[in-house]
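Just so you know, all these numbers are worked out from the coordinates, no wet-lab data involved. The model shown is predicted, which means the values in this text are computed figures rather than measured ones. Reconstructed Cβ throughout: ideal geometry from the backbone, glycine too, with neighbour counts over all protein chains shown.
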Amino acid sequence: MTDTQDATYSGPERVFSGIQPTGNLHLGNYLGALKKFVDLQEEGWDCVYCVVDLHAITQPQDVWGGPALIASHTRQIASAYLAAGIDPKKSIVYAQSAVPAHVELAWIFNCVARMGWVERMTQFKDKAGKDAERASVGLFTYPVLQAADILAYKATHVPVGEDQKQHLELSRDIADRFNRDYDAPGFFPLPEPLIKGPGARIMSLKDGTKKMSKSDPSDLSRINLVDDADLISKKIKKAKTDVLGDMPSDTEGLEGRPEVENLVGIYSAITGDSVEAVLKQYGGQGFGVFKPALADAMVAHLAPITARYREILADPAEIDRVLADGAARADAIAAPIMHEVRELVGFWRA
C-alpha cells in the first residue's frame, strides 16, 4: 500500500466527492458530507461534486428506484447540494453518467487493478451479504469506478468518512500502479483523505453502534432533510440514550455510552461548539434538558435548508440547467486528461 503523496505530481489541488441518488437524504448525509462540501468550497478549494448515478445501479432496482426514478432522484441530490450552500458558480455540480470519462477510465483501471485488491474491500461483503454470488459484477468492481471518478479529474483530496478510507487507499494503489505500468511518474496524484471536524460519522438515533441510514426500516432512526420542526422534535425526544442517567461532564464520561456520544456529536456539529464545551454546558443535567436544546438547535439550523431544498425541487428546469452546465465544465477538465491516458496506454487514434 502506498502511503505518501507522489512528490512528482505538480498539478493543481482539487477536491472530488459524490453522493448516490437512492432516495431522500438525512442528517448523516448533511453533516458527514454536504456541510463539509460547503466548507471546502468556502475555504477556496477547486471542488467537483458529483451525483453518482452509475454507482446507484450496482444495486437491485428496488434499492435505487429503477429507470422511472433515477433521474428524479438525481435532481433531488443536486437540489440538496444547492440548498446546503454549494454554489454552482464556485463548484462543479453534475451527474456522473453525463461525463464519459468515468466509464472509460474505469475500464482501463479494471485492467490495472488486481483481483486481490478488490477482494479485500469490506463494503462489498457488507452490501452483498450472504448472496455474494448473486450480486452484480458492478457491485464488486465499484471501488474501481470510484477511483476513476476521482482520478478522471486528477483530484488530490477526497472528503471521506472512516468507512470509505479503504476505497481511497485502493484509488491510491491504482494511481500508483498506472503511473508505474505506463512509465508516467506523477501523472496521476495519490489522492489524500479529508476527514475533519465533528459530524464525520453520524449514528442511528435508535442504535449508537450503527451508522444513520436511509435503509433502516425505522424512520425514527434518522432525521430526514425534509422533516418539519415537529417531527424533528419528536424523533429527538424518542432518541435512545441509556440507563446511566444524566449527561456526563467530560469526554471520559462518554466512554461506553454510544447513543449519548452520538447526540453530543450531533449537537457539536450543528452548533459548531466543541464536544468539551457541550459537555461543560449540559454535564450533570438530565436528557429532559439536553434533548429539547438539541431539537431547537437542529430545527434552527435545518429549517432554512429544508425550505430552500423544496423551493429548488419545484423548478426542475433550473436543476437541469445547473447539471448540464456542470457536466460541460466537468468534461472540459476530464477530456484532456483522458486524451493523455489514451496516448499513454497506446490506443490507436486516426
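When +1 charges are put on Lys and Arg Cβ atoms and -1 charges on Asp and Glu Cβ atoms, the dipole computed for the stretch 161-242 relative to its Cα centre reaches about 480 debye. The amide H of residue 26, built 1.01 Å from its N in the peptide plane, has 225 as neighbours under 5 Å, considering only residues 5 or more places off or on other chains. Computed from point charges on the beta carbon alone (+1 for Lys and Arg, -1 for Asp and Glu), the dipole magnitude for the stretch 219-310 about its Cα centre is near 460 Debye. What percent do you get for the relative contact order of the chain when only Cα pairs under 8 Å and 6+ apart count? Result for the chain is 23 percent. Does anyone have the angle between helix 287-313 and the longest principal axis of the chain? Alpha-carbon axes, 0 to 90°, nearest 10? In the chain, helix 287-313 runs at an angle near 40 degrees to the longest axis.
Rounded to the nearest 5, the antiparallel percentage of DSSP beta bridges internal to the chain is 15%.
In order along the stretch 109-114, phi translates into HN-Hα couplings of 5, 4, 8, 9, 5, 10 Hz, rounded to whole numbers, per the Karplus curve 6.51 cos²θ - 1.76 cosθ + 1.60 with θ = phi - 60° and x for Gly and Pro. Could you pull out the longest piece of the chain with no exposed loop GluC sites (Glu not before Pro) in it, calling a site exposed if DSSP puts it outside H, G, I, E, B and it has at most 14 other Cβ atoms within 10 Å? Longest stretch, sites excluded: 44-254.
In loop segments of the stretch 283-350 as defined by DSSP, the chymotrypsin sites (Phe, Trp or Tyr not before Pro) with at most 11 further C-beta atoms inside 10 Å of their C-beta are 347, 348. In the structure shown, the pairs 214/240; 206/280; 36/234 are assessed against 20 Å; a Cα-Cα span above that value is assigned to 206/280; 36/234.
Set against the labelled values (1) 34, 24, 21; (2) 37, 22, 20; (3) 42, 22, 17, semi-axes √(5λ) of the Cα gyration tensor in Å computed from this structure falls on (2). Pairs of Cα atoms nearer than 8 Å and 6+ residues apart set the relative contact order; for the stretch 145-288 it is 20 percent. Amide H to amide H distances under 5 Å link residue 18 with 50, where only residues 5 or more positions off or on other chains count and H is placed in the peptide plane.
Its DSSP H runs of at least 4 residues, each contributing -39,500 (n - 2.57), put the calculated 222 nm mean residue ellipticity of the chain at -15500 deg cm²/dmol, to the nearest 500. State, to one decimal in nm, how far the label point of residue 308 lies from the label point of residue 165, with both points 7 Å from Cα in the Cβ direction. Result: 3.1 nm between the two label points.
The residue list 218, 146, 175 was ranked by how far each Cα lies along the charge dipole of the stretch 144-260 toward its positive end, using unit charges on Cβ atoms, and 218 comes out on top. Phi angles across the stretch 251-258 convert, under the Karplus curve 6.51 cos²θ - 1.76 cosθ + 1.60 with θ = phi - 60°, into 3J(HN,Hα) values of 5, 4, x, 7, 4, x, 10, x Hz, Gly and Pro given as x.
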